[in-house]
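Participant: I have a structure I would like to understand better, so I am pasting it below and will then ask my questions one at a time.
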Amino acid sequence: MLSDESSNNVDIMLHNPKKALIKMSIPLIISLFITSFYNLIDAAWVSGLGADALAGVGFFTPIFMILVGFGNGLGSGAAFALSKYLGEENKVKADNASVHSILLNIIVSLILTAILLIFLNPILNAMGAGQTIGYASDYGVIIIVGSIFIILSNALYGIFRGEGDTTRPMYAMVVSAILNMILDPIFIYSLDLGVKGAAVATLISSIFVILILLYWFYIKKDTYLKPNLSRFSFKMDISMDIIKVGVPASIQLLNNAFFAAVFSALLTFVGSTDSVAVYSTGWRIVTIGTTPLLAIGTALISVIALNYGAKNYKNIQIAHRYAMKISIIIAVIVAVITNVFAGDIASIFASGGTSVRIAQELSGFLSWIVIYYPTMAVGVASTYVFQGIGRGITAMFQTVMRETGFTIFFAVLLGVILGYGVWGAWMGIVLGEVVSNNITLVWADLTIKKLININD
């Protein structure tokens, strides 16, 4: 059995998956809200520099998503491996895996930094940044140079999630968000750095998160998992467990960035760079609205992985269905609120300078996009089931199917072929999500039933 040092979180995940899901989800919801606010705070302050500056930052958003995607993906891989080993009652292996996770993230971040610095401007040109490329490049170079801090923080989050602790990362991110809110206006306007200032403020805030997390690991030393180099012994099976979920999850989120880049190009074809500003700003608002769904799905990975390692397959079904139930309720509430207050929300992010001209289109985007929220509730939970049982490639395929497959197909069909323009592109997102999320739900349910039948 696990030692007495084990936090009560592990026992709860094994014996009361519903309670564990709620206990882990609430801090994760707050944490992901804070992450979303990083981008929203930047957007709100940058909007005061004009629509071109806002669009420039928007063009870099898909690349920023690549960085966050690799960090989140490898963090998910770590959470899966660590939770599985704890479910197998192998604490030593879990400690070793936590060090593997940190080292893998450092290596990946260094490689990504070199690649993105070399190809940043060609990528931005290919996306159609045009007259806004100066803003996009100014913001992007600083973020890329500091990408190790963005990626590494997510590796550390994965270690905490692996042991069922989502509360302390939340505390670190609250402090970091407050710092970011203070620094943004100082660097952007007081120091007259413009979009560069927004990037610097974001990086300083990310560094602060890492320092707090490292304090708990290496100075206070009160975490259950111990990611110390003295406990490190390279094991291929550990690396593969992290990679088989982490890399597909990273590619899965990388695909989201690819989708954003392709969609931005589509918008410049059927609309203008203003439409890109609407999309990038609107999608940040969508991210906040759907944060609870992603948080519940993220918590679900650890709950499922622990029970998968312990071969408690019935608990996987219980956790999955409960996650969908509470996610649907939240999704409907958020969709109604966003639709009713779409105009008010839009005015917050399109109130300064030339940004005012996108307010009406932004309001329309927010009013329509919420239609797919309830189906996202079942789609997210179902995709994360596959990450929790170590089938990262399947989860990746489902995301590619949703974004690059159905969503782009419907967006081109409605926006270009049928001539509905920008509105058709918005509705393409809605239709693509609705179709693919329901397919994923059926797929996950059948997979869990198969596991239960094999065990019986």
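Where a number appears in this text, it was derived from the coordinates with a stated rule and is not lab data. Since the structure is predicted, the reported quantities are computational estimates derived from the model, not experimental observations. FYI the Cβ positions are ideal-geometry reconstructions off the backbone, even for glycines, and counts take in every protein chain you see.
Participant: Explain nothing, just compute: Karplus ³J(HN,Hα) = 6.51 cos²θ - 1.76 cosθ + 1.60, θ = phi - 60°, for every residue of segment 75-87 in order, whole Hz, x for Gly and Pro.
Facilitator: x, 5, x, 5, 4, 4, 4, 5, 5, 4, 5, 5, x
Participant: Below 8 Å between Cα atoms, with a sequence gap of 6+, how large is the relative contact order for segment 15-455 in percent?
Facilitator: Reported as a whole number, the value is 24 percent.
Participant: Using only Cα atoms, find the angle between the long axis of helix 421-455 and the longest principal axis of the chain, and express it within 0 to 90 degrees, rounded to the nearest 10.
Facilitator: 10
Participant: What dipole magnitude, in Debye to the nearest 20, does segment 7-118 give about its Cα centre under +1 on Lys/Arg Cβ and -1 on Asp/Glu Cβ?
Facilitator: Result for segment 7-118 is approximately 340 debye, rounded to the nearest 20.
Participant: Note the per residue figure in Å³ for the convex hull of the C-alpha positions in segment 94-173.
Facilitator: Taking only Cα atoms, segment 94-173 has a hull volume of 106 Å³ per residue.
Participant: Taking θ as phi - 60°, what are the ³J(HN,Hα) couplings along segment 196-201 by the Karplus curve (6.51, -1.76, 1.60), each to the nearest whole Hz, with x for Gly and Pro?
Facilitator: 4, x, 4, 5, 4, 4
Participant: Report the calculated FRET efficiency for Asp237 and Trp423 (r = Cβ-Cβ distance, R0 = 41 Å), to the nearest 0.05.
Facilitator: The formula returns an efficiency of 0.20 here.
Participant: If you project the alpha carbons of segment 356-456 onto their three principal axes, what span does each projection cover, largest first, in Å?
Facilitator: Here the Cα extents, ordered largest to smallest, are 60, 26, 17 Å.
Participant: Be a star and scan segment 394-421 for residues whose amide nitrogen sits under 20 Å from the point 7 Å along the Cα-to-Cβ vector of Asn438.
Facilitator: Only 398-414 fall inside the zone, counting backbone N under 20 Å.
Participant: Helix 236-270 versus the longest principal axis of the chain: what angle, 0 to 90°, nearest 10, using Cα atoms?
Facilitator: Its long axis makes an angle of about 20 degrees.
Participant: Which of the three applies to segment 15-455, rounded, prolate or oblate, going by the alpha-carbon gyration tensor with a ≥ b ≥ c and a/c under 1.5 meaning rounded?
Facilitator: Oblate, because a/c is 1.5 or more while a/b does not exceed b/c.
Participant: Quick one: what do you get for segment 224-331 if you divide its Cα Rg by 2.2 N^0.38 Å?
Facilitator: In units of the 2.2 N^0.38 Å rule of thumb, it is 1.48.
Participant: Determine, for each peptide in 367-375, 57-65, the mean count of other beta carbons within 10 angstrom over its residues, then list the peptides with the highest first.
Facilitator: So the order, starting with the most tightly packed, is 57-65, 367-375.
Participant: Before rounding to the nearest 500, sum -39500 (n - 2.57) across all DSSP H runs of length at least 4 in the chain and divide by the residue total; then give [θ] at 222 nm in deg cm²/dmol.
Facilitator: Result for the chain, helices only: -27500 deg cm²/dmol.
Participant: Only Lys, Arg, Asp and Glu count, each charged at its Cβ (+1, +1, -1, -1), so figure out the dipole size of the chain about its Cα centre, rounded to 20 debye.
Facilitator: The dipole magnitude comes to about 1040 debye.
Participant: Could you give me the percent of Cα pairs per 5 Å distance bin for segment 26-148, shortest bin first, beginning at zero and ending with the bin that holds the maximum distance?
Facilitator: Histogram of Cα-Cα distances, whole percents per bin: 2, 10, 16, 17, 16, 14, 10, 7, 4, 3, 1, 0.
Participant: Same structure again: Run the numbers for Val174 and Phe409: contour at 0.36 nm per residue of separation, minus the present Cα-Cα distance, in nm.
Facilitator: Length gained between Val174 and Phe409: 80.7 nm.
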